[in-house]
Amino acid sequence: MKKTLFDKVWDAHVVDVIKNGPQILYIDKHLIHEVTSPQAFNELEQRNIPIARPDKIVATADHNTPTQNQHLPIKDIQSRKQLEQLTKNCKNNNITLYELGHKYNGIIHVIAPELGITQPGMTMVCGDSHTSTHGAFGAIAFGIGTSQVAQVFASQCVLIQKPKKLRVNVNGKLKKGVLPKDVILYIIAKLGTNSGTGYFCEYAGNVFEEMTMEGRMTVCNMSIEMGARGGMIAPDQTTFDYIKGKKFASKGISFEQKVTYWKTLKTDQDAIFDQEYSLDAAEIEPMLTYGTNPGMGIKISEKIPNQKDTSFKKALEYMQFKPGESLINKTINYVFLGSCTNSRIEDFRVAANYIKGKQKAKNVNAWLVPGSQQVAKQIQTEGLQQIFEAAGFQLRQPGCSACLAMNDDKIPEGEYCVSTSNRNFEGRQGQGARTILASPLMAAAAAIAGKIVDITQQN
Amino acid sequence: MEKFVKITDTAIPIATENIDTDQIIPARFLKATDKKGFGENLFRDWKYKKDGNKNLEFPLNQSKYQGKILVAGNNFGCGSSREHAAWAIADYGFKVIISSFFADIFKGNALNNGLLPIQVPEKYIKELLALIQEKPNTKIAIDLEKQTVETAIGKITFKIDAYKKLCLTKGYDDIDYLISKKDKIEAFEKQLEI
Ligand code: SF4
């Protein structure tokens with residue numbers, strides 16, 4: 001039978017199938033962090049079950065870490081305890097941990113790829129919905145709840161129904177100023193926030209083939225925002241070149257052998273998907289969200305639509321926007337460049353390139369938060385830091401930061417924030433904060449102008 | 001896990017669509033390292049107004065609405081995978097959530113905590129929400145064995161994975177099951193590593 005990329009990876013990991021029930025899926029890599037793991041460790045301890053494969057687990061501290069003065073003890077007692085708990089749990093169970101301050105510390109979905117932990121054909125899970133990011137390498141990667149974290153601890157497997165298959169094709173030429181973030185925001189706006197529920201999505205077409213790995217990660221990252229459990233892109237030379245030489249990548253002949261296998265990880269011609277969409281790249285423009293879910297997005301040239309239902313009205317009320325309005329020229333006082341969607345080196349290059357020689361608007365507080373220590377270092381090495389500083393920006397230290405506002409990085413109530421993160425839910429960036437999701441380029445432009453600008457009208 | 005068989009109770013209606021797990025339990029309450037006590041902060045930012053007073057328009061604050069059943073708008077539980085959302089709902093005292101659509105991860109999390117997510121057609125949820133809003137003392141009867149929901153607007157059946165149904169009715173959990181398959185898993189691991 002003809003198989004999709006998803007089938008190939010999935011089928012290679014099925015240990016057993018329960019009649020009329022879920023399948024037992026073997027997991028190659030289990031990523032953990034401080035917020036969704038402690039209860040799972042407790043559960044195993046209480047039931048006296050050992051961790052099956054500590055060597056297949058990698059841990060980091062990211063969700064709840066400060067992004068300033070990381071060398072000092074954490075002020076918030078609960079946060080500090082949560083991190084201490086992680087350190088203790090990892091130590092007791094022989095789990096590799098890149099704790100705060102470690103040269104490999106950072107957001108879990110940024111560090112695993114940059115260390116070469118993420119590889120094509122793998123199954124990966126993490127107690128975090130944006131685990132879908134790793135699908136950019138042709139891996140099956142998805143978020144799980146804490147009960148499932150405990151299951152993987154106990155057995156290195158998850159019990160799960162095989163999702164249905166969806167393919168989103170985007171072909172054609174992207175317009176100037178349109179970044180991978182715009183592509184995924186466009187897909188979500190077009191298809192809706194639950195269009196992917198029950199599915200695993202493959203992204204195909206020349207638009208994704210031409211993207212860098214960073215761009216592909218941005219796209220796969222937001223698969224969950226259309227409801228899909230995960231997203232994948234077939235691995236190709238771009239993928240192999242990215243992995244080659246990374247810390248945990250195989251070396252020499254064994255790497256070449258892997259590449260030979262990885263090359264087979266492609267959807268067969270005529271393989272059947274349960275659902276398929278085809279979109280035209282030329283239709284996409286820089287995108288912005290105006291509401292309180294990621295599907296409420298419009299092109300920069302469009303106006304906020306009008307809908308009758310109460311949920312829609314509630315969202316506009318929260319955002320203090322009106323139907324029929326354009327977002328261009330709206331004053332914004334906050335910009336957040338960061339999160340596992342857009343905090344990789346390429347994102348900072350895009351921003352620096354725009355910012356170079358300009359000055360940050362006085363009204364704007366901009367938080368530039370690299371995804372990892374390695375990204376932070378590269379920002380320095382490439383001289384981007386000087387560009388940011390000369391323009392009046394300050395870089396922070398790595399972490400999830402204002403993406404979920406668990407630490408002190410909260411957008412004040414009622415303020416608008418142009419954010420490169422992935423969720424614009426009510427209160428996501430702080431109680432009462434109003435989030436406008438956008439690409440790093442749109443965010444940089446807003447930081448300079450102090451308001452939303454149409455970058456397609458600039459040189 | 002507690003066993004689940006049947007329940008007949010009144011319900012609390014939250015008609016909003018796309019309720020995400022950030023609303024169910026905001027991130028600032030995720031710092032605890034155990035599973036208890038999250039119920040107190042369930043829907044925290046909808047329950048309280050900016051000035052700290054209770055928002056009396058929110059159904060959880062209206063004493064006319066009581067019960068162990070939550071009835072909610074389409075696409076419930078989307079967003080973050082935080083199981084804290086399911087813990088908060090269970091800790092508050094709910095046993096069942098009825099909606100026309102559930103996000104995948106939330107649905108799994110609910111089932112793993114003895115909380116039954118029941119998916120019904122969109123038309124039914126709209127009628128049910130309207131009925132409860134009009135008559136808050138409306139009773140809903142749920143029978144997991146027969147997979148039925150019964151109210152004044154009629155009786156319908158719902159789907160549930162046979163394995164998950166067994167887990168709920170018997171009070172088993174997945175860890176027990178997976179550990180019973182240890183030999184198979186280890187044999188699988190061996191052939192992977194060759
Ligand atoms: S950056 Fe945001 S979305 Fe990504 S892992 Fe952290 S909290 Fe989750």
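Observations
- Every Cα-Cα pair in the protein assembly as shown was counted, and those over 41 Å apart are 22% of them.
- Put simply, the Cα atoms of region A:100-229 extend 48, 37, 23 Å along their principal axes, the longest span coming first.
- Cα convex hull volume per residue for region A:1-106 (Å³): 153
- Across B:LYS95/B:LYS159; A:LYS263/B:LYS184; B:LYS95/B:LYS170; B:LYS64/B:LYS135, pairs whose alpha-carbon gap is larger than 19 Å: A:LYS263/B:LYS184
- Summary of packing: across the peptides A:11-17, A:130-136, A:395-401, the per-residue average of other C-beta atoms within 10 Å ranks them, highest first, as A:130-136, A:395-401, A:11-17.
- Note on region A:234-391: Kirkwood radius taken over Cα pairs, Stokes-Einstein applied at 37 °C and 0.692 mPa s, translational D equal to 163 µm² s⁻¹.
- Ordering B:TYR48, B:ALA103, B:LEU115 by the projection of their Cα atoms onto the charge dipole of region B:6-193, which places +1 on the Cβ of Lys and Arg and -1 on the Cβ of Asp and Glu, puts B:TYR48 at the extreme positive end.
- Within region A:1-285: Cβ-based charge dipole about Cα centre, in debye rounded to nearest 20 (Lys, Arg +1; Asp, Glu -1): 460
- Label positions at A:GLN380 and A:LYS313, each projected 7 Å from the Cα along the C-beta direction, are separated by 5.4 nm.
- Paramagnetic label zone (point 7 Å from Cα along Cα-to-C-beta, B:THR169; backbone N under 16 Å) in region B:7-24: B:7
- Charges were assigned to the Cβ only: +1 to each Lys and Arg, -1 to each Asp and Glu. The resulting dipole of region A:354-459 about its Cα centre is roughly 140 debye.
- Other protein chain Cβ atoms within 10 Å, averaged over every residue that makes up A:206-215: 0
- Values of log10 I(q)/I(0), in the order q = 0.22, 0.28 Å⁻¹, for region A:416-459 under a Debye, Cα-only, solvent-free model: -0.70, -0.96
- Listed residue (A:MET226, A:ALA281, A:MET211) projecting farthest to the positive dipole end of region A:206-288, Cβ model: A:MET211
- Sum of -39500 (n - 2.57) over DSSP H runs of 4+, divided by residues of chain A (222 nm, nearest 500): -8500 deg cm²/dmol
- Relative to the Cα centre, the charge distribution of the protein assembly as shown, modelled as +1 at Lys and Arg Cβ and -1 at Asp and Glu Cβ, gives a dipole magnitude of about 480 debye.
- Derived from the Cα gyration tensor, the three semi-axes of the equivalent ellipsoid of region A:1-285 are 31, 22, 19 Å, largest first.
- Ordering A:GLY121, A:THR67, A:PHE388 by the projection of their Cα atoms onto the charge dipole of chain A, which places +1 on the Cβ of Lys and Arg and -1 on the Cβ of Asp and Glu, puts A:PHE388 at the extreme positive end.
- Equivalent ellipsoid dimensions for region A:237-297 as semi-axes, Å, which come from the Cα gyration tensor, largest first: 35, 20, 11
- Only helices reaching 20 angstrom along their own axis (Cα) with mean Kyte-Doolittle hydropathy no lower than 1.0 count here, and not one DSSP H run of chain A does.
- For region B:6-193, the mean projected area of the C-alpha convex hull, equal to one quarter of the hull surface, is 12.6 nm².
- If the convex hull is drawn through the Cα atoms of region B:66-132, its volume per residue in Å³: 68
- Inter-label distance, nm, simple model (7 Å from Cα along the C-beta direction), B:ASP183/B:LYS36: 4.0
- Site pair A:ASN206 and A:ILE18 shows an inter-label distance of 4.7 nm when each label is modelled 7 Å from Cα along Cα→Cβ.
- Across peptide B:77-90, the mean count of Cβ atoms from other chains lying within 10 Å of each residue's own Cβ comes to 6.
- Shape metrics for region A:299-386, restricted to C-alpha atoms - Rg then Dmax, Å: 17.2, 52
- Residue-averaged beta-carbon neighbours from other chains (10 angstrom radius) around B:175-186: 6
We did not get these values from a lab; they are worked out from the coordinates using the rules stated. Keep in mind the model is a prediction, meaning the values are calculated, not measured. With ideal geometry, Cβ positions are generated from the backbone for all residues, glycine too; neighbour counts draw on all protein chains shown.
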